[in-house]
Every structure is written in structure tokens, then in C-alpha cells.
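One structure below.
The values are calculated or read from the model by the stated rules, or taken from the named source; none is laboratory data. Predicted, not measured: the structure shown is a model, and the values here were computed from it. Neighbour counts run over all protein chains shown; Cβ positions are idealised from the backbone, glycine included.
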Amino acid sequence: MRWARPGGVAAVRRSMEEPMDVVEGVSRFVTVNGVRLHVMEFGPAEGPPVLLLHGFPEFWWGWRSQIGPLARGGFRVWAADQRGYNLSDKPRGTAAYTQDVLADDAAGLLEAMGGGPAALVGHDWGAAIAWRVAVRYPHLLSRLVVMDVPHPTVMEAALRHNPAQLRRSWYIFAMQAPWLPERQLRADGFRRLVKAVRDGAKPGSFSEAEIEEYRRAWSQAGALHAMLTWYRAAVRRRAAPFTRPRVEAPTLILWGADDKYVLADLARQSADLCDRARLEILPGATHWLHHEESELVNRLLLEFLREEPAAEAARR
């Protein structure tokens with residue numbers, strides 16, 4: 001993996017063991033919603049725009065398996081470090097990390113890409129924000145792809161009324177203590193954070209060389225505290241309720257059948273809130289499906305992003 005200075009060129013490869021799958025990208029900063037966000041840009045400048053939003057505890061590089069196929073497929077790809085992560089700004093306080101603020105960040109990036117509506121792809125927290133953008137800013141989206149996190153309305157109801165989901169979400173509440181989670185997760189070279197990632201994935205999904213890239217991002221000044229502040233803000237500062245929760249953009253929902261964090265039934269409930277939804281539950285995949293089943297995920301992603309409206313209507 002080669003890192004670039006802002007404005008410079010970097011190469012991303014699908015894994016450290018496959019150096020031939022390399023695509024060049026440009027590192028840049030974009031100021032939106034009062035913060036500077038780091039973005040890696042790949043693919044042709046005139047290509048259809050696609051914005052990738054990572055989740056916890058990743059950063060833009062979490063999309064390493066998707067960037068190459070999308071860029072070579074003719075798409076202009078922005079893979080962002082979300083607020084608080086890696087090289088992006090890390091403001092203090094829970095007010096800076098409400099879901100509405102984070103959605104405004106993503107909307108600002110979509111507008112900065114220019115060229116009309118864009119496709120938005122999110123995983124984990126990135127999916128939660130992508131859902132919110134789709135509801136609040138439908139005019140900015142051409143397509144929506146969400147992975148392993150349900151529609152916010154569905155998730156809120158599950159946390160209130162579904163004991164099985166509440167048990168799976170125990171870590172959200174464990175992160176509410178001040179500073180203790182930071183100390184625990186940072187200790188011994190982020191041992192507990194590495195274990196949490198690997199325990200939720202298929203064996204071998206994250207090599208030691210790949211984990212080192214994450215450790216470098218987690219070690220950025222203020223990053224770990226900011227990353228955990230997303231969870232604290234979610235509990236302490238509820239997002240504004242939707243006046244109309246439905247999603248208008250054509251939506252692809254990808255889900256790992258063996259996700260240990262979120263029930264698959266919530267994916268089905270989320271599809272019911274979309275005007276045009278396609279749900280794909282991947283057998284044997286976990287929460288980290290875009291790493292474990294990258295070829296299948298990439299095929300589904302490219303098919304969906306390339307699908308003409310007429311073909312989509314015929315399929316329905």
C-alpha cells in the first residue's frame with residue numbers, strides 16, 4: 001500500500017498478497033459542512049460519480065476491494081475518510097457527531113463531486129448515514145447501496161422492542177463510558193479492537209499486513225476518541241425524526257447472512273421502506289461481506305450501478 005500526501009498520487013491494491021490488482025488514485029481534502037474531509041479519488045473524471053462511506057473502525061481503505069473494479073468500470077470514485085477518522089478533521093464533542101451532522105457531511109461531498117445525482121454506497125456506520133442522506137436529500141442520489149445496517153427507523157424500533165437485536169448491540173452501550181473504552185481499545189497495539197474486527201469475520205479475512213494499515217489510521221491524533229464519539233452521540237443526541245421515512249432512489253441492500261451484529265430480518269423490513277429495493281442476503285458472509293465475498297459483492301454492485309431504468313422496471 002502506498003500512501004500519498006494531499007494532492008499526490010497513491011495506489012491501492014485489493015490485498016497485500018495481490019500486488020497486480022493496482023489502481024492509481026489522488027489524495028485530496030474537501031471542505032464541507034465546516035470540516036475538512038480527506039478523500040481518495042479514483043477512476044475517470046468524467047465517469048458517473050460514486051461516493052463510498054466506510055463504517056467503524058475502518059477508513060477509506062476499507063473499500064480496497066471495490067475501488068479497482070469500480071474505477072476500471074468507468075466510475076469516478078470518491079472514497080472518503082468520514083469525520084473523525086484517519087486524516088479527516090476530528091472536532092470535539094457529541095454535537096459534532098450527530099447523525100444529522102454526519103449526513104450533512106455526506107451530502108456536501110455529493111454536491112462537491114458535481115455532475116448531477118451520484119450513487120452512494122455505505123457499510124456499517126456508512127450505511128446508517130447513507131440511509132439518512134437518501135431520505136433527507138433524495139435529489140442528490142441516483143442510486144443507493146447499503147451493507148449490513150438497516151434503515152434508521154427500523155434500527156430504532158429494533159433497539160426499543162426487539163430483545164434479540166438489543167443483545168447484539170450491547171457494544172453501543174459499552175462505549176458510552178468516558179475514556180475507559182479508549183484506554184482499553186488502544187492498549188497493547190489496539191489488541192481488543194483488532195480482536196473485535198477479526199472475531200466478527202471469517203478466519204483469514206484480515207491479514208496482519210492489512211491490520212497494520214488500520215493501526216496506522218487508528219493512531220492518528222484524536223482518531224480513536226472521535227470514532228467512539230459517533231456511538232456516544234447516537235445515544236445522547238437523537239437525530240431529528242423523519243417526516244417521511246421512505247427512500248425514493250433505487251436501492252440495493254447487501255447483507256451477510258451470518259452477521260453477528262444485526263439481524264437479517266431488519267434488512268427485509270428496511271426493503272419495505274424503499275420504493276424500489278433489491279435485497280441480497282449472502283449465505284456464509286458476515287458483517288464484513290465486502291472483504292470476505294468481494295468478487296460477488298463487486299459483481300452485484302456493478303450490475304446495480306449500470307442497470308438502466310427500463311431494465312430495472314422490467315425486473316420488478
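Data table
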item: Tally, over region 35-54, of residues that are crowded, with 23+ Cβ neighbours inside 10 Å and within 28 Å of Tyr231 (Cα to Cα); result: 8
item: Test: Glu17 is modelled with pLDDT under 95 and outside any strand (DSSP E or B); result: yes
item: Pair list, Cβ under 6 Å, 6 or more apart: region 274-287 residue under 18 Å from Ala134 (Cβ atoms), other residue surrounded by fewer than 16 Cβ atoms within 10 Å (Cβ to Cβ) and modelled with pLDDT of 95 or more; result: Asp275/Glu248
item: Residue within region 237-254 that is part of a helix (DSSP H, G or I), touching a helix residue (DSSP H, G or I) at 6+ places or on another chain (Cβ under 6 Å) and of a type outside the set (Val, Ile, Thr) present; result: no
item: Among (1) more than 30 Å from Leu252 (Cα to Cα); (2) in a helix (DSSP H, G or I) - the single one Glu156 does not satisfy; result: (1)
item: Number of the condition not met by Asp188 [criteria: (1) buried (at least 19 other Cβ atoms within 10 Å of the Cβ); (2) modelled with pLDDT of 95 or more]; result: (1)
item: Some residue of region 91-108 being over 15 Å from Met227 (Cα atoms), assigned to a loop (DSSP other than H, G, I, E, B) and not small (Gly, Ala, Ser); result: no
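Residues checked against (1) over 18 Å from the mean Cα position of the chain (by Cα); (2) of a type in the set (Gly, Ala, Ser); (3) more than 26 Å from Phe173 (Cβ to Cβ); (4) surrounded by fewer than 20 Cβ atoms within 10 Å (Cβ to Cβ):
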residue	(1), (2), (3), (4)
Ala226	no, yes, no, no
Tyr231	no, no, no, no
Arg236	yes, no, no, yes
Arg244	yes, no, yes, yes
Leu252	no, no, yes, no
Tyr261	no, no, no, yes
Ile281	no, no, yes, yes
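Yes/no matrix, rows are residues, columns are (1) crowded, with 21+ Cβ neighbours inside 10 Å; (2) touching a helix residue (DSSP H, G or I) at 6+ places or on another chain (Cβ under 7 Å):
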position: Trp125; (1), (2): yes, yes
position: Val133; (1), (2): yes, yes
position: Arg136; (1), (2): no, yes
position: Leu144; (1), (2): yes, yes
position: Val154; (1), (2): yes, yes
position: Ala157; (1), (2): no, no
position: Ser169; (1), (2): no, yes
